Amino acid sequence: MGGSGLVVRDLSVGYGPVRALRRVSLEVPEGAVVTVLGSNGAGKSTLLRAVSRTLSFHGGAVTEGTVSLGGRRLDGLGPDRVVAAGVSQVPEGRRVFARMTVADNLRAGALRADGGRAGRAAALHRVHELFPVLAERAQQRAGLLSGGEQQMLAVARALMAAPKVLLLDEPSLGLAPLMAERIADTVREINTQGTSVLLVEQNAALALRLATRAYVLEVGEVTLSGPAAELAASDEVRRRYLGVVDEDAAADAEQAGGVRRTLTRWKG
Amino acid sequence: MSTFAEILLNGVSLGSVYALIALGFVVIFRATEVVNFAHASLLLAGGYVTATLHDDLGFWPALLVGIAGAAVVGAAVEFLVMRRYRGADHSVLAIVTIGVDILLTTELTRRIGTDVLALGDPWGDAVLALGPISLAHTRIAAFVAAALLITTFLLAFRYTSWGVAMRAAAESAETAALMGVRLGRVSLGAWAVAGGLAAVAALFLTVFPTPGLERATSLAALKAFPAAILGGLDSTTGALVGGLLVGVTESLATGYQSDLTFLGRGLGDLAPYLVMVAILLIRPAGLFGTKELARV
């Protein structure tokens, strides 16, 4: 443990008096896809903010523990230095710069990339190959793209910095299943090109298919961890995240469908 | 008709100077979301440096030092004061700038005293006659300089990495930080640019037909506030249009003052604010401002 890759050790985070993470440890080995599952408020986004050093925007702070990449400590750096060190994040809810063009969004992602003009051109080429639609829409304002396209742009923007590790916060959130599937394919593609991925998701089925290793976060603590396949087979995860409940809900919905009422004109 | 054209042209020239000030104001607001009430004192500082140095250095070097000086003062305010409050509420920061303004203005007015300082500009009171219309050289210089500076600025804003970082930070500071934008530098740069632009504006606010730099010059600079506000605080286009609108309004109100005596004297000083109020009644976010959007 602890050599290459992104290593989080005993990380605790508080927002004022509220403890959001409690001694969380996890590792993203070089070249791996690792997923962190958990429900709303489990501390998934907090974890990514702690790695990217943007907790201060939310009044939070790391109270103990370390984050390092390839043996180099990241905690204590500014957010820009984390990007320069090779960790880029795709924040939850996409957060594209809506008033800027697609091309300028991509430029913004490359501001901290080294490698100069040639490096930027190579990154842009790679991104356009992954997402041809972004080349077509280069001069369009990002706010005018569809949700799926915005998610592509958000991923592409993070890739412009040519990161060693890509942090993805709920990339499938609010997307149609087909689009979520496309994003999943892209994540796989990005990974085969040599970028490690830390994927935070509520869509456990999708995440567990992509990842080799998974962690389950509950109320700020890692409660389960192991190879993704093992977790996918475990009763605990199946019950909580993979949809026994969902199957029930689907059955309920189907039943309800039989007696579906249509809205009629309200007659006083 | 010729008086009207003359008044209009003078107004456009004056407006372009206001636009310079308003632009600096908008730049700081966009980069940091702080309303900078210390802007007028930055302008006074730039003008003062130029005024004290032009005898020894000559006008052009003195102007450059004045621009650099105001940029340094702006950057210093950001670095020494605003940065300590980072993360504080934006309205708190705005009030901090009022404090900074009082400090700077008090010191500068103490130094200036009751003097009227000349900035030693080369244009003097020369007048260019174009048929029936006569225009002071200073007014032409003001317009040309403002147009050049504003164009340069807008191009840089659009095409350079600095501009991309600035716009990204303006849209969302946190996301910009995630992309590796150094927010401290963006904010420092904004204050420096605003200071530099204000110093140029100081020159053109104090040349002919104005007697020179005096304590009241910072009051003249205040007219850029309605310009920035009626244009929309977060819009560079708005700053330009607002500046021109205020300049032309003021010029017209002053020029036709004799026909408007039933309204009393000094309408020229009041008119910009009347226009601002009228526009805000119809468009609360200003002409080009972004409407406050809340996602539910």
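At a glance:
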{"item": "Residue selected from region B:22-44 under the condition small (Gly, Ala, Ser) and either modelled with pLDDT under 90 or touching an Asp or Glu at 6+ places or on another chain (Cβ under 9 Å) (or both), by the criterion surrounded by the most Cβ atoms within 10 Å (Cβ to Cβ)", "result": "B:38"}
{"item": "Region A:91-141, subset among the basic types (Lys, Arg) and in a helix (DSSP H, G or I), residue farthest from the chain's Cα centre (by Cα)", "result": "A:117"}
{"item": "Which listed residue is over 19 Å from residue B:35 (Cα atoms), assigned to a helix (DSSP H, G or I) and over 18 Å from the mean Cα position of the chain (by Cα), from B:51, B:76", "result": "B:51"}
{"item": "Condition met for residue B:94 (part of a helix (DSSP H, G or I), in contact (Cβ under 8 Å) with a residue 60 or more places away in the chain and closer than 30 Å to residue A:59 by Cα)", "result": "yes"}
{"item": "Pairs, first within 11 Å of chain B (Cβ to nearest Cβ) in region A:157-176, second in a loop (DSSP other than H, G, I, E, B), C-beta under 6 Å, six or more apart", "result": "A:160/A:110; A:161/A:112; A:161/A:113; A:163/A:86; A:169/A:91; A:169/A:92"}
{"item": "The lone exception for residue A:83 - which of (1) at the interface with chain B (Cβ under 8 Å from one of its Cβ atoms); (2) part of a helix (DSSP H, G or I); (3) in contact with an Asp or Glu (Cβ under 9 Å, 6 or more places away or on another chain) it fails", "result": "(3)"}
{"item": "Extreme residue, surrounded by the fewest Cβ atoms within 10 Å (Cβ to Cβ), among residues of region A:87-119 that are on the phi > 0 side of the Ramachandran plot and more than 11 Å from every other protein chain (Cβ to nearest Cβ)", "result": "A:116"}
{"item": "Yes/no for residue B:29 being over 30 Å from residue B:285 (Cβ atoms), among the aromatic types (Phe, Trp, Tyr) and in contact (Cβ under 8 Å) with a residue 60 or more places away in the chain", "result": "no"}
{"item": "Filter result for residue A:119 (free of Cβ contacts under 8 Å to residues at least 60 places away in the same chain, touching a Lys or Arg at 6+ places or on another chain (Cβ under 9 Å) and either closer than 17 Å to residue A:158 by Cα or of a type outside the set (A, V, I, L, M) (or both))", "result": "no"}
{"item": "Verdict on residue B:30 being basic (Lys, Arg), assigned to a helix (DSSP H, G or I) and within 28 Å of residue B:246 (Cα to Cα)", "result": "yes"}
{"item": "Any hit, region B:157-172, residues being polar (S, T, N, Q), within 14 Å of chain A (Cβ to nearest Cβ), under 25 Å from residue A:117 (Cα atoms) and not in a helix (DSSP H, G or I)", "result": "yes"}
{"item": "Matching entry among B:288, B:262 (being touching a residue at least 40 places away in the same chain (Cβ under 8 Å) and of a type outside the set (Ser, Thr, Tyr))", "result": "B:288"}
{"item": "Test: residue in region A:115-126 that is more than 21 Å from residue B:167 (Cα to Cα), assigned by TED's automatic domain parsing to the domain that holds residue A:196 and charged (D, E, K, R)", "result": "no"}
{"item": "Residue match in region B:217-224 (condition: over 14 Å from residue B:70 (Cβ atoms), crowded, with 24+ Cβ neighbours inside 10 Å, within 14 Å of the chain's Cα centre (by Cα) and in contact (Cβ under 8 Å) with a residue 40 or more places away in the chain)", "result": "yes"}
{"item": "The one condition in (1) away from every other protein chain (no Cβ under 14 Å); (2) at pLDDT 90 or above that residue A:42 fails to fulfil", "result": "(2)"}
{"item": "Residue A:77 vs. criteria part of a helix (DSSP H, G or I) and either touching a residue at least 12 places away in the same chain (Cβ under 8 Å) or more than 9 Å from chain B (Cβ to nearest Cβ) (or both)", "result": "no"}
{"item": "Options B:145, B:136, B:141: the member that is touching a strand residue (DSSP E or B) at 6+ places or on another chain (Cβ under 8 Å), more than 12 Å from chain A (Cβ to nearest Cβ), within 16 Å of residue B:204 (Cβ to Cβ) and hydrophobic (A, V, I, L, M, F, W, C)", "result": "B:136"}
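The values are calculated or read from the model by the stated rules, or taken from the named source; none is laboratory data. Just so you know, these numbers come straight off a predicted model, no measurement behind them. Because the Cβ atoms are built from the backbone with ideal geometry, glycine has one as well, and the counts that use them run over all protein chains shown.
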